[in-house]
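Worksheet for the structure shown next.
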Amino acid sequence: MDFKIAVLPGDYIGPEVIAEAIKVLKVVEKKYGHKFNFQEDAIGGASIDKYGVPIRDEAIEMCRKCDAILFGAAGGPKWETTVKRNRADTALLKVRKAFDLFANLRIVKVYPPLVNATNLKPEVIKDVDLVILRELTSGLYFGEPRGIVENQEGEKKAFNMLTYTEAEIERVLRVGFELARTRRKKLLSVEKSNVLEVSLLWKQTVLKIAPEYPDIELSHMYVDAAAQKLINNPKDIDVLVTENTFGDILSDEASELGGSMGMIPSASLAKISDGRAFGLYEPIHGSDPRNAGKDRDNPIAMILSAGLMLQYSCGLPKEAAAVETAVTKVLEKGYRTWDIMRDGEGTEVGMSKMGDLIAEELEKL
C-alpha cells in the first residue's frame, strides 16, 4: 500500500527524532511491501526564520493532501518573548484547529526492562499500561476573548476564556468509551465540577451518554485527586479522559511512570471512521534546545508515535505491533539513552544508535 506522509520536523531536536522515525519506517516499507511518500515543510521557529510565519498556508495544504502528519517539535528560547506568546508555539495550535484534531491519545506504558528507571517503587508502576485521552481543540488554549489589559492606574490584568460546548465534550467522551472497549473496559472521567461550570457540563454529558455503554466501568474524579492517583495507584487506570489543559498537565506527570518523556508517544486524531483517522503523530517531550545537535536524546517516543500512525491512519496494526516489539527487544538487551539510564544499568547509546538498533530488530522479526 502507498501512503503520503507530511513531515514537519520543527526545531532543535525535532528534525533529529524525525530522522530516526523515518529510518524505522523505511524498514517497514522494505519488510512489508508498503511505500511511504514523505513530503516535508517547515513549522515553528524554522518557519518563522525562513518565511516569517509559524506555519505557511502552503504547509497546511500540503498536509491536507496527505494521509497523516509526522511532527517533531516546535519552539524554543530563540523565539520566546515576554511581550506576547511564543509565535513558534502557535503553529501546532493552528494545525490542530485546521484539521479538527480533537482527540489526543498519549500512551503511558511501563516496559518491564524500565521498571527501575523512575523514582517510583517498582511494585507501584509494574505492568502500568494506560491511555490519557485529552480533548485538543477547545478549552483555555483556544478560548476567546483573551489578552492582557492595563487600567488607568497602570495595573495589568490578564484573562483567558475557558469554554466547551456539549457537542465538543460528547465527541471526545465517545472516543474514550470506544477506546475502553478495546482495552480493559474501564473509563475514568476527570474534571473539576465542584468548582468549574465547564466541568459541571462535562460531568453532566458523561452521565447522559454512559447508559449507551453498559459494558464500560465508568468512574469520576476531580483533577487534583487524579494527579495523586497517577502516582499512587496508576495500575487501576485504563483510559483517562479529560479536557485540554488538565490533559496536558496530567500526561506530562504520567511520563514519569514510563521513565522519561522520551518514552511517551502521542496521536492527535480527527474523526475516527472504520478504525482509521487522519492524525498528527508526535512525541510529547518538546524541542529540548539544550541537547540539540548532540545525538543524545531518546528517539523512542517519536518511533512509537510513527507506530501509532501505522495503526490509526494507515490501518496497519501488524506493522504497528512489530515496531513496538522491536523497541521492547532493544530495551530487553539493555540499551538505553541517557534519560532512561539508572544507577549504571544497561549500555548507554546515542539517539542515532538507538534508532539503528530498533531498525535492526525490526528487520529480524
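How big is the C-alpha Rg of region 235-318 next to the rule-of-thumb value 2.2 N^0.38 Å, as a ratio?
Working: Rg = 14.1 Å, N = 84, 2.2 N^0.38 = 11.8 Å.
Taking the Cα Rg and dividing by 2.2 N^0.38 Å, one obtains 1.19.
The mean of 1/r over all pairs of different alpha-carbon atoms in region 37-128, once inverted, gives a Kirkwood hydrodynamic radius of 15.9 Å. Rounded to whole numbers, the Karplus 3J(HN,Hα) couplings from phi for region 145-162 are x, 8, x, 10, 10, 10, 7, 5, 7, x, 7, 9, 9, 10, 8, 9, 9, 9 Hz, using 6.51 cos²θ - 1.76 cosθ + 1.60 with θ = phi - 60°, and x at Gly and Pro. Label-to-label distance for residue 197 and residue 38 is 4.9 nm, based on points extended 7 Å past Cα in the beta-carbon direction.
Considering only 93, 163, 77, and ranking their Cα positions along the charge dipole of region 73-220 that arises from unit charges at the beta-carbon of Lys, Arg, Asp and Glu, the one farthest toward the positive end is 77.
For the peptides 165-178, 295-308, the ranking by mean Cβ contacts within 10 Å, running from highest to lowest, is 295-308, 165-178. Spacing of the modelled spin labels on residue 166 and residue 58, each 7 Å from Cα toward Cβ, amounts to 4.6 nm.
Dipole size in debye (nearest 20) for the chain around its Cα centre, Lys and Arg Cβ +1, Asp and Glu Cβ -1?
Details: 49 positive and 56 negative charges, 93 e Å.
Charge dipole of the chain: 440 debye, to the nearest 20.
All Cα-Cα distances of region 78-219, cut into 5 Å bins from zero to the largest, leave 2, 8, 13, 15, 14, 14, 13, 11, 6, 3, 1, 0, 0 percent in each bin in turn.
Assuming R0 = 41 Å, can you tell me the calculated FRET efficiency for the pair residue 4 and residue 152, based on Cβ-Cβ distance, to the nearest 0.05? Efficiency for this residue pair is about 0.15.
With +1 assigned to the C-beta of every Lys and Arg and -1 to the C-beta of every Asp and Glu, and no other charges, what is the dipole magnitude of region 1-116 about the Cα centre in debye, to the nearest 20? Before the final figure, lay out each step's value.
Numbers: 19 positive and 15 negative charges, 50 e Å.
Computed about the Cα centre, the dipole is about 240 debye.
Residues considered: 155, 217, 253. Largest GNM mean-square fluctuation over the chain, using C-alpha springs under 10 Å, is found at 155. Mean residue ellipticity at 222 nm, helices only, the chain: -12000 deg cm²/dmol; runs of at least 4 DSSP H residues each add -39,500 (n - 2.57), and the sum is divided by the number of residues.
When the expected Rg is taken as 2.2 N^0.38 Å, what fraction or multiple of it is the alpha-carbon Rg of region 101-151?
Details: Rg = 18.5 Å, N = 51, 2.2 N^0.38 = 9.8 Å.
It is 1.88.
Leaving out same-chain residues fewer than 8 places away, which lysines sit with a Cα under 22 Å from that of residue 31? Within the straight-line cut-off, residue 31 pairs with 4, 23, 318, 329, 353, 364.
Residue 100: net charge of surrounding residues, Cβ under 14 Å, Lys/Arg +1, Asp/Glu -1, itself excluded? Please list the in-between numbers first.
On the way: positive: 64, 94, 96, 97, 171, 271; negative: 135, 168.
For residues surrounding residue 100, the net value is +4.
Full extension of the segment from residue 245 to residue 343, taken as 0.36 nm per residue of separation minus the current Cα-Cα distance, would add 31.8 nm. In region 178-259, a dipole from Cβ-located charges (positive for Lys and Arg, negative for Asp and Glu) runs towards its positive end, and of 179, 251, 194 it is 179 whose Cα lies farthest in that direction. With q set to 0.18 Å⁻¹, the log10 of I(q)/I(0) for region 181-257, from the Debye formula over equal scatterers at the Cα positions, is -0.74. Ordering 359, 19, 110 by the projection of their Cα atoms onto the charge dipole of the chain, which places +1 on the Cβ of Lys and Arg and -1 on the Cβ of Asp and Glu, puts 359 at the extreme positive end.
Global dimensions of the chain from alpha-carbon coordinates: Rg and Dmax equal 20.3, 70 Å. Beyond 22 Å, the tail of the calculated P(r) for region 249-365 holds 36 percent of the Cα pairs.
Throughout, read-outs are computed from the coordinates displayed, never taken from laboratory work. It should be emphasised that the depicted structure is a prediction, and the values quoted were computed from it without experimental measurement. Quick reminder, even Gly has a Cβ in these numbers, built from the backbone with ideal geometry, and neighbours come from all protein chains shown.
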